[in-house]
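The structure under discussion appears below in the form of structure tokens.
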Amino acid sequence: MSETRGTGNDATAATPLLRGAGLLLRSWDVEAPADVDAWVLGHTDPEFLRWNTPMIGITGPADARRSLASRAEQAERGTAASFCVTDEWTGAILGHLGISNINDAMRVAIVGYWTLPEARGRGVASRALALASGWAFEQRGLHRLELGHAPGHGVSCRIAERVGFRAEGTLRGAMFEAGRRDAFRDVHLHGRLATDPYPSLP
């Protein structure tokens, strides 16, 4: 599977359309009710909150619109790209894939993702991560992508390794504990370089 497929738009745009492996990755639309609802559902899902503590909580449509607008501004500045992960054929929203903290001087960025409950167990995160990583390396010109997850999150760990993100170690106290902003937990760090072999995905 090739990791990135343009759809006729400029593949080097902040958030281009990426198509492949049954998925279509597009920008989030702050004006689309379905996108806003999915953003709320993703950030209020108990499984998401078990492993993530957002800096700003999202509990309703107004929060979601502010968050999505902020991400669109970051994309315009070239410091991030936020992809709405959808089914290529039906358009159903399946989750999110974000590339953030893009540092063009060092050609490095951070990758994160989540899937909606109904999309789990179908390889959605792996396929989306592969597509977005291919774009980041081949079109965006990045050299290194970093991916971190909380200890014990075995699913996220397996996804990272399946897509070629090697386990590199533990960052001490590098993220908030679940549901708290006054206590910290470690982060298991994975990294992938543009020069690493491409993974063999179904």
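Cα-Cα pairs above 14 Å in region 38-90: how many percent?
60 percent
Taking only DSSP H segments of four or more residues, each worth -39500 (n - 2.57), what value at 222 nm results for the chain once the sum is divided by all its residues, to the nearest 500 deg cm²/dmol?
Estimated from H runs of four or more residues: -9000 deg cm²/dmol.
How much length is gained if the chain between residue 186 and residue 103 is pulled fully straight, taking 0.36 nm per residue apart and subtracting their Cα-Cα distance, in nm to one decimal?
Numbers: separation 83, 0.36 × 83 = 29.88 nm, distance 2.33 nm.
Once the chain is fully extended between residue 186 and residue 103, it gains 27.5 nm.
Given C-alpha coordinates of region 74-181, what is the ratio Rg to Rh with the Kirkwood estimate of Rh?
0.96
I want to verify a result. In a Gaussian network model of the chain, Cα cutoff 10 Å, which of these has the top mean-square fluctuation: 42, 20, 179?
Looking only at 42, 20, 179, the biggest GNM fluctuation is shown by 179.
For the chain, what is the accessible area per residue in Å², given a 1.4 Å probe and the full set of protein chains?
Result: 49 Å² of accessible area for each residue.
Hey, any idea what % of the chain's accessible area is carbon plus sulfur with a 1.4 Å probe? Don't jump to the answer; show the numbers that get you there.
Values: 5210 of 9950 Å².
Roughly 52 percent, rounded to a whole number.
May I ask for the Kirkwood hydrodynamic radius of region 28-136, worked out over all distinct Cα pairs and given in angstroms to one decimal?
Evaluated on region 28-136, it is 14.4 Å.
How big is region 145-202 on each of its three principal axes, counting only the C-alpha atoms and giving the largest first in Å?
40, 21, 13
Binning at 10 Å from 0, report for the chain what percent of all alpha-carbon pair distances ends up in each bin.
9, 36, 41, 14, 0
Using DSSP to call loops (not H, G, I, E or B), can you name the trypsin sites (Lys or Arg not before Pro) in region 117-202 whose Cβ has at most 16 other Cβ atoms within 10 angstrom? Don't skip to the answer; put the middle values down first.
Values: sites: 120, 122, 127, 140, 144, 158, 162, 166, 172, 180, 181, 185, 192; in loops: 120, 122, 140, 180, 181.
Within region 117-202, the qualifying trypsin sites (Lys or Arg not before Pro) (loop, at most 16 other Cβ atoms within 10 Å) are 120, 122, 180, 181.
Step through the residues of region 167-175 one at a time and calculate ³J(HN,Hα) from phi using the Karplus curve (6.51 cos²θ - 1.76 cosθ + 1.60, θ = phi - 60°), rounding each to whole Hz and writing x for Gly and Pro.
For region 167-175, the Karplus curve yields 5, 10, x, 10, 9, 6, x, 9, 8 Hz.
Using alpha carbons only, how many angstrom separate the centre of region 133-187 from the centre of region 93-111?
One Cα centre to the other: 11 Å.
The values are calculated or read from the model by the stated rules, or taken from the named source; none is laboratory data. All values derive from a computational prediction rather than experimental measurement. We place every Cβ from the backbone using ideal geometry, glycine too, and count neighbours over all the protein chains shown. Ligands, DNA and RNA are stripped out before the accessible areas are found, and what is left, the full protein with its side chains, is counted by its heavy atoms. Shrake-Rupley method; radii C 1.70, N 1.55, O 1.52, S 1.80 Å.
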